[in-house]
Each structure stands twice: as C-alpha cells, then as structure tokens.
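The structure appears below as structure tokens.
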Amino acid sequence: MKAQLYKLACSAEYRPLTQALSAQSGVGWQSAIRLILELGDIDRFRTSDALPHYLGLTPSQYSSGELDHRGHTLKCGPGFLRALLVQCARSAVRQGCDTEPQERFAALAPRIGRKRAIIAVARKLAIKVRGRWRTHLSASEPTPALAV
C-alpha cells in the first residue's frame with residue numbers, strides 16, 4: 001500500500017500538488033497524497049470554513065436569542081481524514097520549523113485542555129492546507145490570452 005501511494009505521489013499528475021501540500025508544517029507526502037485522493041476537487045469547499053466543517057473539526061452550536069452555546073465537535077464527514085489531520089496537527093506542534101501551531105497550542109492548552117487544543121490546531125491546519133491547495137491550482141492554471 002505504501003509503495004503504491006509513493007508511486008502516485010511521484011507521478012507527474014500528483015507530484016506538484018503533493019509537494020505543495022507537503023510544504024505545510026506537519027504534513028508529509030503520505031498525508032498529502034491521501035488528502036488529495038480522498039478530497040478530490042478542492043473547489044467544492046467554497047469558503048475557508050467549509051473544509052474543517054466537512055471534516056468534523058468545528059464545534060456544534062446552539063443559539064437562541066442571547067444564548068450562544070458551543071458543544072462537542074460535529075464528527076461528521078470521513079473520520080479517517082479527521083484522524084489524519086489531527087495526527088498532522090500533533091506533528092506540527094512537535095516540529096520546530098513553523099512556530100504558529102506551537103504557539104496556538106501553547107496558548108489554548110492551559111485554558112481548554114490539550115485534546116481540544118490539538119483539535120483547534122487541526123482545524124487551522126485544514127484551513128491552511130485548503131489555502132495552499134487553491135494557491136497551487138491558481139498558479140498552475142494557464143493564463144488566458146489577452147484580447148486585443
């Protein structure tokens with residue numbers, strides 16, 4: 001299985017996108033190719049909050065009048081990808097190359113606990129991965145010829 005994923009990641013079709021996603025702290029080539037294969041078209045997630053919501057990384061919310069209660073995470077969508085992003089978030093917190101996930105985790109962990117803090121880092125990571133993916137797609141698209 002790992003050899004087949006490696007062949008796909010190195011193929012001409014997936015290599016540029018795999019490298020673009022792997023540049024994100026905490027995301028390796030295996031995680032990148034699995035995200036690419038499982039999510040397919042990133043354009044179906046129109047807003048930055050759409051991907052974390054699809055993956056179940058956002059809290060449930062009950063609002064009525066002045067009451068605004070946020071509960072447990074929704075846990076909708078593919079659990080495999082949610083677990084993959086949580087694992088990537090833990091790796092990003094452990095690694096020292098990008099300090100933003102570490103700072104976010106360090107700020108949130110004392111207040112809300114380590115488990116909830118890592119979910120918050122995973123949510124932010126999903127937003128960043130979507131951004132990198134969309135940036136890569138817009139950079140790789142051929143520019144239309146100007147009409148004269």
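The values are calculated or read from the model by the stated rules, or taken from the named source; none is laboratory data. Quantities reported herein were computed from a predicted structural model and do not represent experimental measurements. Note: ideal-geometry Cβ built from the backbone for every residue, glycine included; neighbour counts use all protein chains shown.
Structure notes:
- In summary, S63 fulfils each of the numbered conditions (1) touching a His at 6+ places or on another chain (Cβ under 9 Å); (2) among the polar types (S, T, N, Q); (3) in a helix (DSSP H, G or I) with the single exception of condition (3).
- Pair list, Cβ under 9 Å, 6 or more apart: the range 1-15 residue of a type in the set (F, W, Y), other residue surrounded by 13 or more Cβ atoms within 10 Å (Cβ to Cβ): Y6/W29; Y6/Q30; Y6/I33; Y14/L8; Y14/A32; Y14/I33; Y14/I36
- Scan of the range 103-117 for residues that are more than 16 Å from G71 (Cα to Cα) and either in contact (Cβ under 8 Å) with a residue 24 or more places away in the chain or among the hydrophobic types (A, V, I, L, M, F, W, C) (or both), ordered by number: F105, A106, A107, L108, A109
- Any hit, the range 100-107, residues being more than 14 Å from R130 (Cα to Cα), surrounded by 12 or more Cβ atoms within 10 Å (Cβ to Cβ) and of a type in the set (K, R): yes
- Test for G56: is it farther than 13 Å from G26 by Cβ and touching a residue at least 12 places away in the same chain (Cβ under 8 Å): yes
- Residues of the range 66-81 satisfying the condition of being in a loop (DSSP other than H, G, I, E, B) and either under 16 Å from A122 (Cβ atoms) or touching a His at 6+ places or on another chain (Cβ under 9 Å) (or both): L74, K75, C76, G77, P78
- Residues located in the range 17-35, provided they are under 21 Å from G79 (Cβ atoms) and touching a residue at least 40 places away in the same chain (Cβ under 8 Å): L21, G26, V27, G28, S31, R34, L35
- Among residues of the range 38-79, those that are loosely packed, with under 11 Cβ neighbours inside 10 Å and either of a type in the set (V, I, T) or within 15 Å of the chain's Cα centre (by Cα) (or both), counted: 6
- Qualifying residue in the range 69-78 (condition: in contact with a helix residue (DSSP H, G or I) (Cβ under 6 Å, 6 or more places away or on another chain) and at pLDDT 95 or above): no
- Flag if R111 is basic (K, R) and either outside any helix (DSSP H, G or I) or within 17 Å of the chain's Cα centre (by Cα) (or both): no
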